[in-house]
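Below: the structure, in C-alpha cells.
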Amino acid sequence: GISIERTFGSARGRENLEGWCKKLAASLAKDMDKAGLKGKTVTLKLKPVTFKVFTRAVTLDGYVSTAEAIESAALQLLRKELDQADLNLRLMGIRMSSLEGVGGTAAPSDQRTVENFFTKAPQSTTEEGGGSNKESPETHRSP
C-alpha cells in the first residue's frame, strides 16, 4: 500500500480534524499520481492522546486515485468516529491498498501465482551439457 500520516501535539474539533483529513487525502492523491497507482481500500489511522492506535477501513467498488474519492472515503470513516466520541488526536493517517498500476500488486508475467502454483510448470526441452527433460519439484510425484 501507500500511505501518509501527520503527527500533532494535540488536535481536536470536528472542523479541524476534517480539515487535516482533507489535506492528507490531497497529499496521498498526489503521491499516488506520481507513482501511477490507483487503489480500492482506504484505511484511516487514528492515534488519540491515549496513544492507543486504531484503524478503520472501507473497500470501494472500483479503483480510485483522486483526492475527492480518497477524501470522501476517509471523511466517511472519520465522521463515524467523531459521532461516537470527541477525539483528541496525536496522529492521523490515510493508507490506500489493494493497488493497481505501475507500482501495484499485479504479479510480473513470469511470476507464479497462487492460482497456478499447483499446475505443471513448463518443462525445458534442452539444458546445457545435455538434453534431459526433468520434472519441476512442484510436479514431482512419489511412487
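For the reader, a short list of remarks on this structure follows.
- Net +/- balance of residues flanking LEU24 in space, Cβ distance below 12 Å, scoring K and R +1, D and E -1: +2
- The residues of the range 6-68 expose, per residue, 58 Å² of accessible area to a 1.4 Å probe.
- In the complete set of protein chains, residue-level accessible area for ASP86 is approximately 110 Å², probe 1.4 angstrom.
- Cα gyration tensor, the range 2-101 - rounded (a/c under 1.5), prolate or oblate: prolate
- Summed residue charge, Cβ within 9 Å of LEU82's Cβ, Lys/Arg positive, Asp/Glu negative: -1
- Whole-number percent relative contact order across the range 2-101, with pairs defined as alpha carbons under 8 Å at least 6 apart: 46 percent
- Note, ³J(HN,Hα) from phi for the range 24-37, Karplus 6.51, -1.76, 1.60, rounded to Hz, x at Gly and Pro: 5, 4, 5, 5, 5, 4, 5, 5, 5, 4, 4, 8, x, 10
- Around LYS52: net Lys/Arg minus Asp/Glu count, Cβ-Cβ under 14 Å: +3
- Between amide H atoms placed 1.01 Å from N, distances below 5 Å from LEU87 occur with GLY13, all of them 5 or more places distant or on a separate chain.
- With a simple spin-label model that places each label point 7 Å from the Cα along the Cα-to-Cβ direction, the separation between THR66 and ASP83 comes to 2.5 nm.
The values are calculated or read from the model by the stated rules, or taken from the named source; none is laboratory data. Worth saying up front: this structure is predicted, and the values here are computed from it rather than measured. Glycine also receives a Cβ, built like all others from the backbone with ideal geometry; neighbour counts cover every protein chain displayed. With ligands, DNA and RNA removed, areas are computed over all heavy atoms of the protein, side chains included. Shrake-Rupley method; radii C 1.70, N 1.55, O 1.52, S 1.80 Å.
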